[in-house]
Amino acid sequence: MPVYNEAETVRASADRVLAQPFVCELIIVNDASSDNTAEIIEEFTDPRVKILHHGINQGKGAALRTGFAAATGKYVGVQDADLEYNPADLARLLAPLDDGLADVVFGSHFLTGDAHRVLYFWHSLGNRFLTLMSNATTNLNLTDMETCYKVFRRELIQSITIEENRFGFEPEITVKVARSGARIYEVGVSYAGRSYQEGKKIGWRDGFSAIRCIAKYGLQKRHKPS
């Protein structure tokens with residue numbers, strides 16, 4: 001769980017994750033929050049919770065890199081602290097992994113009949129455009145490349161070098177798992193998006209960054225073994 005200035009939601013988000021019967025550990029990475037997030041997460045007493053802190057703010061990708069390296073469970077998933085995604089849906093993502101069908105599962109809020117909050121048209125359009133660009137370079141048929149919800153076999157995610165420090169993580173990891181030959185599945189999840197007034201952080205600059213990452217990782221030549 002990467003966390004940056006989420007004092008209002010991090011406790012509830014963590015409690016929802018810990019309420020899931022399959023959770024063996026929750027790694028919270030505080031990315032140098034400037035509010036009282038650090039104090040709140042240090043109050044957790046559940047032995048499954050591991051708290052890590054960055055000395056300076058580096059971004060979501062950097063926080064995930066730190067968390068993935070510390071993970072010990074069989075599967076590793078991403079859960080933001082903003083309550084946009086429902087941890088109860090993680091059971092759906094685990095099913096193809098437990099059945100031995102998948103190595104990574106994406107949770108799509110476009111591929112579902114579940115309730116989702118109606119918000120920004122241009123965000124939705126931008127997401128679909130970035131997913132289309134990503135699919136064109138990876139030859140995948142994902143519906144929601146930018147989704148927060150991704151669950152990996154731990155060995156897979158720990159074998160991949162994550163270079164992007166910020167929101168470029170999503171297109172980068174999609175390209176790299178596709179090139180690894182991993183079996184990728186996608187399932188529908190609910191979505192309760194929040195507004196900018198409620199603390200949403202991603203913006204149009206991150207869209208341009210995603211395009212850059214799709215080009216960088218999707219078009220770069222693979223290194224041939226010597």
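A few remarks follow.
- Spatially close lysines, pair count over the chain: Cα under 29 Å, gap of eight or more or interchain: 29
- Gyration tensor over the Cα atoms of the range 6-81: the corresponding equivalent ellipsoid has semi-axes (square roots of 5 times the eigenvalues, largest first) of 19, 16, 10 Å.
- Sparse-neighbourhood loop sites, chymotrypsin sites (Phe, Trp or Tyr not before Pro) in the range 1-102 - DSSP loop, at most 16 other Cβ within 10 angstrom: 22
- A full extension of the chain between residue 129 and residue 161 corresponds to an added length of 9.0 nm, given 0.36 nm per residue minus the alpha carbon distance.
- For the range 44-169, the equivalent ellipsoid derived from the Cα gyration tensor has semi-axes of 24, 18, 17 Å, listed largest first.
- Taking a sphere under 15 Å around the Cβ of residue 140 and counting the other residues whose Cβ falls inside, with K and R at +1 and D and E at -1, yields a net charge of -1.
- Share, in percent, of DSSP beta bridges within the chain that are antiparallel, nearest 5: 30 percent
- Think of the range 2-219 as a dipole: +1 on every Lys or Arg Cβ, -1 on every Asp or Glu Cβ, centred on the Cα centre; then among 97, 17, 3, 97 lies furthest on the positive end.
- Rounded to the nearest 20, the size of the Cβ-charge dipole of the range 2-219 about its Cα centre is 660 debye, with Lys and Arg at +1 and Asp and Glu at -1.
- Annotation for residue 56 and residue 74: the two label points, set 7 Å from Cα along the Cα-Cβ direction, are 4.1 nm apart.
- Residues of the chain were split at every exposed loop site, defined as trypsin sites (Lys or Arg not before Pro) in a DSSP loop with at most 11 other C-beta atoms within 10 angstrom, and the longest piece left, sites excluded, is 1-220.
- Phi to ³J(HN,Hα) by Karplus 6.51 cos²θ - 1.76 cosθ + 1.60 over the range 40-56, Hz, x for Gly, Pro: 5, 6, 6, 7, 5, 10, 4, x, 7, 8, 10, 9, 10, 10, 8, x, 10
Computed from the coordinates by the stated procedures, all read-outs in this text should not be read as laboratory data. Everything numeric here is computed off the predicted structure, so don't read it as measured data. Glycine also receives a Cβ, built like all others from the backbone with ideal geometry; neighbour counts cover every protein chain displayed.
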